[in-house]
Amino acid sequence: MSQQKLPGEAYRALEDIVGPEYITDDPAILESYSFVWGNEAIFGSRLAPFRPLAVVMPGSAEEVQAIVKACNRFKIKFKAHSTGFGQHALTAKEPFLAIDLRRLNRILLIDERNMIAVVEPYVSHAELFYECIKKGLRFNALGAGPSASVVASSACHDGTGFHSLSSHFDGKNLVGAEWVLPDGEIVRLGSMATDSGWFTADGPGLSLRAILRGRVGANGGLGIVTKVAVKLAPWYGPPKLNVRGEPPLYEVEIPENFRFYMVAFPSLDLLVEFLRLIEEEQIAFAAYKVPLGGVTFIQVTTDSNDKAWEKYKAKKETVERANYSAVVLLDAVSPKEIEVKEACFKEILKATGGEILTLDKQEESALLAQLLIGLGTFRESFRAGGSFSVGSFYDSSYDLLVKLIKVTEEKLLKYAKEGKIVFMPGECFLGPVGGQWCHLEQVYGYDAADLESVKATQEISFYVLATMLEQKFGLWGEGFISFDESIHNVAGPVCGNYHLKTRAIKRAFDPNLLSESTYYTSP
Ligand SMILES: Cc1cc2nc3c(=O)[nH]c(=O)nc-3n(C[C@H](O)[C@H](O)[C@H](O)COP(=O)(O)OP(=O)(O)OC[C@H]3O[C@@H](n4cnc5c(N)ncnc54)[C@H](O)[C@@H]3O)c2cc1C
């Protein structure tokens, strides 16, 4: 691993801004900022080929601004992260100053009347959820799990969650942001531009929100977001969740006037019809296809692969019936309302040929914990193979997604048969995102320590991308799936020349080209 250092003068300038406690270029600490899930798919190793130049931890938006200005003065590339989950946050084509935002960790406001929260980057989805339910409100539960940052998912990177059906997509929930541009200027979006409160991120004039995040976000390539305002949804449950058990096995009590079901269907088409009707009737808090089918409830209720295997054998019949299964949570303000919703749910289930699966208390409660706050996602995604990736991932209509699943599943099954990945028929997360689209992630496991397995993930990514372009599905995830410009250069011309537009935006907002943009665009 190679190590470049910040010039002494630049290091001292940054130290003057944050104080000596909050900056370091100690190789032992920098090493930990180079080890991250997903690196192997790009570098062939979990460690990036170089460490950051240094890590700096600002304590306020003003310090962030001063750091960005210093970077412009010394021509240093920089990239911020909130909780630093994926390789987009911590790796790049060349070394950069890592700006770790963990000291910006406050919930600044929960405005009950207008259903808006204002938070800083290190506030997690779980923290905001727990604080909001005290006031009869809630925010999304990101698929990435409870520790993911609200700022990252609403303003910088992706943003789909388990109850997006009723709490929507984080990128659309963004109603305001404080944004340090790559040259150090601070901009407040929408209504905050005129100091009239955090209620819309659009206008006056054209919407800067689209430039800040688009569909998948700029992934650190367009400055630093220091606050966001997000729209909240109503919560009809108690002010405190009754969570029991010990990590990683939790139990959550089903709130009064809520009903939880796991339902199975004979085919993908019927399952999709069920989800479509549930969305149309607007009766559910959440409804989505369980990512690993029956294996999901095994993974979330066991704490090792050995125990999962034992349980799989004992429950094989249910697991196989659950290949095309969904979880559904109904919520209501009164017994009368839940009765009506339940009757409607049962009608839809009957019309689509579904059956309710009988789960034990622990299984039901582990699935509910995942649905409400994202608990168990890591066990589910990482444990079988050691790491995970996705085949097709897209936001679109139900029909298009079913077609896409069918086109790409064959390829994934072929790799699974060769022992290179862990994947079973029907595996994918598929869930309606309220008022917008349906979200698909064809999740599979791979072994990060096995080069053949890692190579398979690269081949799958290219196959899916080529298929989506050739068969005119469109393109999604253009920023964070691309480590170099070759993908943009192929995809851009068949997708409205988006790559020319993002390059022009990058040049206009970042004249010195310092906000590290490997996972956004190259100017
Ligand atoms: C098991 C698993 C499941 C997942 N499932 C989902 C899912 O269902 N839905 C989903 O949306 N995502 C999913 N993801 C991806 C996930 O969204 C990201 O890994 C996660 O949102 C990143 O959150 P973070 O808070 O750690 O952000 P970070 O890793 O800190 O940042 C993500 C990106 O945004 C940039 N960024 C972060 N904060 C700022 C800031 N304040 N200013 C400027 N740029 C910033 C970073 O540079 C980086 O490029 C999953 C990941 C895992 C590991």
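The values are calculated or read from the model by the stated rules, or taken from the named source; none is laboratory data. Since the model is a prediction, treat every value here as computed from it, not as a measurement. Note: ideal-geometry Cβ built from the backbone for every residue, glycine included; neighbour counts use all protein chains shown. Heavy atoms of the whole protein, side chains included, go into the accessibility calculation; ligands, DNA and RNA do not. Shrake-Rupley method; radii C 1.70, N 1.55, O 1.52, S 1.80 Å.
If you take every residue apart from Trp476 with its C-beta less than 13 Å away from the C-beta of Trp476, what net charge results, scoring Lys and Arg +1 and Asp and Glu -1? Charge balance near Trp476 sits at -3. As a ratio to 2.2 N^0.38 Å, the alpha-carbon radius of gyration for the stretch 243-381 is 1.03. Put simply, the chain fits an ellipsoid with semi-axes of 37, 27, 22 Å; these come from the alpha carbon gyration tensor as the roots of five times its eigenvalues, largest first. Dividing the convex hull volume of the alpha-carbon atoms in the stretch 344-409 by its residue count gives 164 Å³ per residue. Every pair of different Cα atoms in the stretch 8-100 enters the Kirkwood calculation, which places the hydrodynamic radius at 13.4 Å.
The residues of the stretch 107-234 expose on average 31 square angstrom of accessible surface per residue, using a 1.4 Å probe on protein heavy atoms. Rg then Dmax, both in Å and based on the Cα atoms of the stretch 310-374: 14.1, 42. If you take all other residues with their beta carbon under 12 Å from the beta carbon of Ala193, and give Lys and Arg +1 and Asp and Glu -1, the sum is -1.
Here the Kirkwood formula, the inverse mean of 1/r across different C-alpha pairs, assigns the stretch 384-516 a hydrodynamic radius of 16.2 Å.
Radius of gyration over Kirkwood radius for the stretch 482-523, both on Cα atoms: the Rg/Rh ratio is 0.97. For the stretch 107-234, a Kirkwood hydrodynamic radius built from all Cα pairs, placed in the Stokes-Einstein relation at 20 °C and 1.002 mPa s, yields a translational diffusion coefficient of 151 µm²/s.
Charged neighbours of Asn72, selected by a Cβ distance under 13 Å, balance to +1 (K, R count +1; D, E count -1). Only helices enter the 222 nm calculation for the chain: every DSSP H run of n ≥ 4 contributes -39,500 (n - 2.57), and dividing by all residues gives -11000 deg cm²/dmol, rounded to 500. Principal-axis analysis of the Cα atoms of the chain puts helix 398-417 at an angle of about 90° to the longest axis.
Size descriptors for the stretch 69-159: radius of gyration and Dmax over Cα atoms are 15.1, 48 Å. Structural size metrics of the stretch 302-422, computed from C-alpha coordinates, are Rg and Dmax of 17.4, 53 Å.
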